[in-house]
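Taking it in order: structure first as structure tokens, then the write-up.
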Amino acid sequence: MDMTTSFGEPAEAANADRVIEMTAHDDFSFDPAQITVTAGETITFRVTNVGNLPHDFTLGDEAAQEEHEEEMAEMAENGEMMHNEPNVLSLPAGETHELTWHFTEPGTVLIGCHETGHYAAGMFATITVES
Ligand SMILES: [Cu+2]
């Protein structure tokens, strides 16, 4: 769980200030698609894949999204599985998983799905971190 980034850091679910329920859909969307949090808040995202396709949930700024998109593409080519990263949830069809994150800096953070083609199709949500 050791990961500190410009967009925050992983946190324990027990320390969450609130829970945001989200769904991932086969039309390449997350609901809600716009989320507002406050810098300093710790949020548990409880995410359900309500579709039939696998999806994932990757929290990070634009650079982190692009990096993860490349990693996923390489892994798909090599037939590898995604390893555990504290800012990523793998969401098989029908499953619900949780990720808790402490937001430290004001700015914009994205949630992207990096199954092949999904992010490019617009599968992301935007988190506005207010000061
Ligand atoms: Cu997806």
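Quick look at the numbers
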{"read-out": "Exclusive hit being touching a residue at least 12 places away in the same chain (Cβ under 8 Å), open to solvent by less than 70 Å² (accessible area, probe 1.4 Å) and within 16 Å of the ligand (Cβ to nearest atom), set A39, A76", "value": "A76"}
{"read-out": "Residues of the stretch 89-131 satisfying the condition of being within 11 Å of the ligand (Cβ to nearest atom), assigned to a loop (DSSP other than H, G, I, E, B) and open to solvent by 20 Å² or more (accessible area, probe 1.4 Å)", "value": "A93, E115, T116, G117, Y119, A120, A121, G122"}
{"read-out": "Filtered residues of the stretch 54-73 (kept if over 29 Å from R18 (Cα atoms) and more than 16 Å from the ligand (Cβ to nearest atom))", "value": "E70"}
{"read-out": "In the stretch 6-25, the residues that are outside any strand (DSSP E or B) and open to solvent by 50 Å² or more (accessible area, probe 1.4 Å)", "value": "S6, E12, A13, A14, N15, D17"}
{"read-out": "Matching residues, the stretch 39-64, being among the acidic types (D, E) and either assigned to a strand (DSSP E or B) or in contact with a His (Cβ under 9 Å, 6 or more places away or on another chain) (or both)", "value": "E41, D56"}
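Per-residue answers, yes or no, for (1) away from the ligand (no atom under 15 Å from the Cβ); (2) in contact with a helix residue (DSSP H, G or I) (Cβ under 7 Å, 6 or more places away or on another chain); (3) open to solvent by less than 70 Å² (accessible area, probe 1.4 Å):
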residue: D27; (1), (2), (3): no, no, no
residue: I35; (1), (2), (3): yes, no, yes
residue: N52; (1), (2), (3): no, no, no
residue: N84; (1), (2), (3): yes, no, no
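The values are calculated or read from the model by the stated rules, or taken from the named source; none is laboratory data. Just so it is clear, the structure is predicted and the values come from calculations on it, not from any experiment. Quick reminder, even Gly has a Cβ in these numbers, built from the backbone with ideal geometry, and neighbours come from all protein chains shown. The protein model used for the area step is the full one, side chains on, heavy atoms only, and it has no ligands, DNA or RNA in it. Shrake-Rupley method; radii C 1.70, N 1.55, O 1.52, S 1.80 Å.
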